[in-house]
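S.K.: Got a structure here, written out as structure tokens. Questions coming.
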Amino acid sequence: MLVTAGLITAAQLNEVLEMQRTTGSKLGHLLVHKKYIDERSLLSFLSKQFGIEFVDLRGFEAKAEILKIIPENIARRYGLIAVDKSENRLKVAMEDPLNIVVLDDLKMMTGYDIKPVFGSESDITAAIDKNYGAKTSKEALDDILRKTSGGTTEVSLVDEDSLKGGGEDLISLEEKGEAAPIVQMVNLIISSAIKAHASDIHIEPTYKDTKVRFRIDGVLHAQPSPPKKFHNAIISRLKIMATLDISERRLPQDGRTKLKIEGHEIDLRVSILPCGPGEKVVMRILDSSGLKLRLEDLGMEPENLAIFAKCLKAPHGINLITGPTGSGKSTTLYSALATLNAPDVNIVTIEDPIEYNLEGINQVMVNTDVGLTFASGLRSFLRQDPDIIMVGEIRDFETMSIAINAAMTGHLVFSTLHTNDAPGAITRIGMMGVEPFLTSSTVLMVVAQRLVRGICKNCKETYEVKPELLVSLGVSKAVLDNHVKNGKIVLSRGRGCEICAKTGYKGRMGIHEILEVNDVIRGLIIDKAHVAKIKEAGCKNGMITLRESALRKLFTGATTVEEVIRVTGSGVD
């Protein structure tokens, strides 16, 4: 149709179709990328083909009451912006107005019927930057350069005298008198992340610029970025801080350092990854002052907390915590150990790495270079007369079998697995080659967990939605009926303010799914039952699923529909 309309040639189409077969990219994106057609011409054509309006967003200014309906992070994630609304309908400009999943999610989040319209990707990005108050690239650049020349929060290395190093980039900058601004720039990035309570810092090179992003409450947020010409110097500075090889740019590197910021000590784990445009850095910020060690602070429902506390008091057995990276597994493990820590108890841990130092607990860090693995460390522990053992992660049959042996000889063992839910851990153990009768006789409970963002208390507001909009979240009619008032359900959200950086969220809380291994579950394990049957039996026994745990926090006004969808998915279990 594009060829027939004279917008591209047949040769151009054939070339791009061949590219599409190898890259899997969208045809339109490739045509625009090759500059065979400009973006607005393509969208105008698609608008006529699909009968969907095209909106030119150049210079677009949104009304405040329309803008606040869709949070900034959602607008950026999906590439859309609300442009108008009537009584029950919200007009939304989108890069892909045919994405049914996004349209359904928007309807559920906002309570409006969504009318999608085509919008240019670049125009939408510019409109989001302009209307949500984000800085332009030039403003961000000017800001960071102004700050680097005007001084930043004091950031110093602990035991920095022991760190000796140099590099081509830093040496050349020293000759030009520009090394000090680089150090200040790195200090600014790190101190800003810590003040924002970020858990990770991402410094990513592109062919055009350097991007800086902070992971705050589990979501990445773009930050003012330094000039591209300083990228290598920044990487060199970070390598020196983490005692890494600054001359090695072809291989991944991992290191760590301890910083003192305004008298406060912070551990920083540094991971370097070579990419096409340059080296990418991700830094994990470990701040022990923010560690919550009381079981009551984990966010568990009363039923879950009772099971958790009961299994902590067991004389022997295995307690497993599951979930993806960044789901709070370490916090839960440390809380359990802190609860059990006493002068008459010998607790030993093997971790990779040690995230937080706990007084009174013997912590060992994995060192594969000298042969100290989870399995070898765990084997050595059994000769150290332990009462309680914590293994940072069980990755293979050898580690699992030693953990089971420890549990069967009178030790209480804690560890983590990577599975999507609690019943899935039973299948995972079986896949490692462990006999079912060993699993059934040693595992006490499996905890699956995730983290959802909490609504900012400063800008929290309530709104009403129709009950039927929550059906797709898997909410039963009985549950809906308990929360319906005057034919509506009252939910909460954050408007966005300076305290929460206009996100509407502040802090995170856990949602948990705890499978207690009782006689029924043991029988299913021995029979090698399918994971669905184990889950069904667990639910009949009162197990609260991750979705149900999230919904409870939704109805109590602790989190939002958007977070329930983001963390647990938009489909019904």
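The values are calculated or read from the model by the stated rules, or taken from the named source; none is laboratory data. Note that the coordinates shown come from a computational prediction; the quantities given were computed from them, not determined experimentally. Because the Cβ atoms are built from the backbone with ideal geometry, glycine has one as well, and the counts that use them run over all protein chains shown. Accessible surface areas use protein heavy atoms only, side chains included; no ligands, DNA or RNA. Shrake-Rupley method; radii C 1.70, N 1.55, O 1.52, S 1.80 Å.
S.K.: Among 297-304, 196-203, how do they line up by average Cβ neighbours within 10 Å per residue, starting with the highest? Mind dumping the intermediate values first?
M.R.: Numbers: 297-304: 17.2, 196-203: 19.4.
Most protected by this proxy first, the peptides run 196-203, 297-304.
S.K.: Keeping every protein chain present and rolling a 1.4 Å probe, give me the accessible area per residue for the stretch 429-573 in Å². Before the final figure, lay out each step's value.
M.R.: Values: 6750 Å² over 145 residues.
Result: 47 Å² per residue.
S.K.: If the cut-off is 14 Å between C-alpha atoms, which aspartates and glutamates fall inside it for K34, apart from same-chain ones fewer than 8 positions away?
M.R.: Counting by Cα, and skipping residues close in sequence, K34 has these aspartates and glutamates nearby: E15, E18.
S.K.: Accessible area of the chain with a 1.4 Å probe: how many percent of it is carbon plus sulfur? Could the numbers behind the result be given before it?
M.R.: On the way: 14120 of 27810 Å².
Carbon and sulfur: 51 percent of the exposed surface of the chain.
S.K.: What list of ³J(HN,Hα) values in whole Hz, one per residue of the stretch 233-240 in order, does the Karplus curve 6.51 cos²θ - 1.76 cosθ + 1.60 (θ = phi - 60°) give from phi, with Gly and Pro shown as x?
M.R.: 5, 5, 4, 4, 4, 5, 5, 5
S.K.: Would you please calculate the Kirkwood hydrodynamic radius of the chain over all C-alpha pairs and express it in Å, rounded to one decimal?
M.R.: Evaluated over the chain, this radius sits at 26.9 Å.
S.K.: Taking only C-alpha pairs under 8 Å that are 6+ residues apart, what is the relative contact order of the stretch 378-431 in percent? Provide the component values of the computation, followed by the final result.
M.R.: On the way: 45 pairs, mean separation 19.8, N = 54.
Dividing the mean separation by the residue count of the stretch 378-431 yields 37 percent.
S.K.: Using a simple charge model, +1 on the beta-carbon of Lys and Arg, -1 on the beta-carbon of Asp and Glu, nothing else, what dipole does the stretch 222-310 show about its Cα centre, in debye to the nearest 20? Numbers along the way, then the final one.
M.R.: Details: 15 positive and 12 negative charges, 116 e Å.
With Lys and Arg at +1 and Asp and Glu at -1, about 560 debye.
S.K.: Between E39 and L98, what length in nm is gained on full extension when 0.36 nm per residue of separation is reduced by their alpha carbon distance? Don't jump to the answer; show the numbers that get you there.
M.R.: Values: separation 59, 0.36 × 59 = 21.24 nm, distance 1.70 nm.
Working it through step by step, the gained length comes to 19.5 nm.
S.K.: Can you tell me the length gained on complete extension of the stretch A314 to D297, counting 0.36 nm per residue apart and subtracting the Cα distance?
M.R.: Working: separation 17, 0.36 × 17 = 6.12 nm, distance 2.16 nm.
Taking A314 through D297 to full extension adds about 4.0 nm, to one decimal.
S.K.: Right, another one. Report the one residue of A64, I404, P436 whose Cα lies farthest in the direction of the positive end of the charge dipole of the chain (charges on C-beta: Lys and Arg +1, Asp and Glu -1; origin at the Cα centre).
M.R.: Positive-most Cα among the choices belongs to A64.
S.K.: Before anything else, pin down the relative contact order of the stretch 377-533: Cα pairs under 8 Å, at least 6 apart, normalised by residue count, whole percent. Before the final figure, lay out the partial values.
M.R.: Working: 211 pairs, mean separation 40.9, N = 157.
Contact order relative to length: 26 percent.
S.K.: Counting only other residues whose beta carbon sits under 15 Å from that of A375, what net charge do I get with K and R as +1, D and E as -1?
M.R.: Details: positive: R379, R383, R395; negative: E351, D352, E393, D396, E398.
With Lys, Arg at +1 and Asp, Glu at -1, the net is -2.
S.K.: So how compact is the stretch 60-106: Cα radius of gyration and Dmax in angstrom?
M.R.: Computed over the Cα atoms of the stretch 60-106, radius of gyration and Dmax are 10.2, 27 Å.
S.K.: Related question: Over the chain, what is the relative contact order in whole percent, taking alpha-carbon pairs under 8 Å and six or more residues apart? Each step should come with its number before you reach the end.
M.R.: On the way: 975 pairs, mean separation 56.7, N = 573.
Relative contact order comes out at 10 percent.
S.K.: Using the Cα atoms of the stretch 237-377 to build a convex hull, what is its mean projected area in square nanometres?
M.R.: On the way: hull surface 46.9 nm².
Projected over every direction and averaged, the Cα hull of the stretch 237-377 covers 11.7 nm².
S.K.: Filter the trypsin sites (Lys or Arg not before Pro) in the stretch 448-519 to those in DSSP coil with at most 13 other Cβ atoms within 10 Å of their Cβ, and list the result.
M.R.: Loop-located and lightly packed - K457.
S.K.: Now a separate question. Based on the Cβ-Cβ distance of Y207 and E87, what FRET efficiency does E = 1/(1 + (r/R0)^6) give at R0 = 35 Å, to the nearest 0.05? Present the calculation step by step, with values, prior to reporting the outcome.
M.R.: Details: r = 47 Å, r/R0 = 1.34.
Computed FRET efficiency for Y207 and E87: 0.15.
S.K.: Sticking with this structure for a sec: From the protein chains alone at 1.4 Å, what is the descending order of accessible area for E296, E516, E279, largest first? Walk me through the numbers on the way to the answer.
M.R.: Details: E296 115, E516 45, E279 10 Å².
Largest accessible area first, the residues go E296, E516, E279.
S.K.: What Kirkwood hydrodynamic radius, in Å, does the stretch 229-309 give when the mean of 1/r is taken over all pairs of distinct Cα atoms and then inverted?
M.R.: Values: mean 1/r = 0.0652 Å⁻¹.
Hydrodynamic radius (Kirkwood, Cα pairs) of the stretch 229-309 is 15.3 Å.
S.K.: For Q49 and A10, what is the calculated FRET efficiency with R₀ set at 25 Å and r taken between the beta-carbons, to the nearest 0.05?
M.R.: Values: r = 19 Å, r/R0 = 0.74.
The formula returns an efficiency of 0.85 here.
S.K.: When a/c reaches 1.5 or more, the comparison of a/b and b/c decides; with that in mind, is the stretch 300-455 rounded, prolate or oblate per its Cα gyration tensor? Before the final figure, lay out the partial values.
M.R.: Values: a/c = 1.27, a/b = 1.13, b/c = 1.13.
It comes out rounded by the Cα gyration axes.
S.K.: Shifting gears a bit: Which of rounded, prolate, oblate describes the stretch 380-491, given a ≥ b ≥ c as roots of the alpha-carbon gyration tensor eigenvalues and a/c under 1.5 marking rounded, otherwise prolate only if a/b is larger than b/c?
M.R.: Values: a/c = 3.73, a/b = 2.51, b/c = 1.49.
Here the stretch 380-491 falls in the prolate category.
S.K.: Given +1 on the Cβ of Lys and Arg, -1 on the Cβ of Asp and Glu, and no further charges, what dipole in debye does the stretch 308-443 carry about its Cα centre, rounded to the nearest 20?
M.R.: Numbers: 7 positive and 13 negative charges, 67 e Å.
The dipole magnitude comes to about 320 debye.
S.K.: Once both labels are modelled 7 Å past Cα along the beta-carbon direction, what's the D519-A306 spacing in nm?
M.R.: According to this spin-label approximation, the distance is 1.9 nm.
S.K.: Where does the stretch 1-62 land on the Kirkwood hydrodynamic radius, alpha-carbon pairs, in angstrom? Intermediate results must be reported in sequence, preceding the final value.
M.R.: On the way: mean 1/r = 0.0787 Å⁻¹.
Hydrodynamic radius (Kirkwood, Cα pairs) of the stretch 1-62 is 12.7 Å.
S.K.: Let me ask another. Where Lys and Arg each count +1 and Asp and Glu each count -1, what net charge lies around L515 among other residues with Cβ under 11 Å from its Cβ?
M.R.: Spelling it out: positives minus negatives among the neighbours equals -2.
S.K.: Here is a follow-up. I'd like to check one number: the per residue accessible area of the stretch 209-307, probe 1.4 Å, reported in Å² as a whole number. Let's see the in-between values first.
M.R.: Numbers: 4590 Å² over 99 residues.
Accessible area per residue, the stretch 209-307: 46 Å².
S.K.: Using the Cα atoms of the stretch 14-112, I'd like the radius of gyration and the largest Cα-Cα distance, Dmax, both in angstrom.
M.R.: Using the Cα atoms of the stretch 14-112, the pair Rg, Dmax is 15.6, 47 Å.
S.K.: Above 16 angstrom, tally the Cα pairs of the stretch 470-567 and express them as a % of all pairs, no decimals.
M.R.: Details: 3094 of 4753 pairs.
It works out to 65 percent of all Cα pairs.
S.K.: Nearest 20 debye, what's the magnitude of the dipole of the stretch 442-573 about its Cα centre given +1 on Lys and Arg Cβ and -1 on Asp and Glu Cβ? Intermediate values should be presented prior to the final figure.
M.R.: On the way: 22 positive and 14 negative charges, 88 e Å.
For this selection, approximately 420 debye.
S.K.: Here is a further query. From the Cα gyration tensor of the stretch 300-369, with a ≥ b ≥ c the square roots of its eigenvalues, which class applies: rounded if a/c is under 1.5, or else prolate if a/b is larger than b/c, or else oblate? Numbers along the way, then the final one.
M.R.: Numbers: a/c = 2.02, a/b = 1.27, b/c = 1.58.
Taking the square roots of the gyration eigenvalues as a ≥ b ≥ c, the stretch 300-369 is oblate.
S.K.: Calculate the spin-label point distance for K477 paired with Q384, positioning each point 7 Å from the Cα along the beta-carbon direction, and give it in nanometres.
M.R.: Going from the Q384 label point to the K477 one covers 5.8 nm.
S.K.: Translational D (Stokes-Einstein, µm²/s) of the stretch 181-296 at 37 °C and 0.692 mPa s when Rh comes from the Kirkwood sum over C-alpha pairs? Don't jump to the answer; show the numbers that get you there.
M.R.: Working: Rh = 14.6 Å.
Rounded to a whole number, D works out at 224 µm²/s.
S.K.: Toward the positive end of the charge dipole of the stretch 175-247, about the Cα centre and with charges on Cβ (Lys, Arg +1; Asp, Glu -1), which of T206, I235, A196 goes farthest?
M.R.: T206
S.K.: Show me, for the stretch 410-420, the HN-Hα J-couplings you get by feeding each phi into the Karplus relation (A = 6.51, B = -1.76, C = 1.60, θ = phi - 60°), rounded to Hz, glycine and proline as x.
M.R.: x, 10, 9, 10, 10, 7, 10, 9, 9, 9, 7
S.K.: Then there is this: Report the local net charge at A222: Lys and Arg +1, Asp and Glu -1, summed over other residues whose C-beta lies under 9 Å from its C-beta.
M.R.: Working: positive: R76, K211, R213; negative: none.
Summing Lys/Arg as +1 and Asp/Glu as -1 gives +3.
S.K.: For an R0 of 22 angstrom, estimate the FRET efficiency from the Cβ-Cβ distance between I499 and D287 and round to the nearest 0.05. Kindly include the intermediate steps, with their values, before the conclusion.
M.R.: Values: r = 19 Å, r/R0 = 0.87.
The computed FRET efficiency comes out at 0.70.
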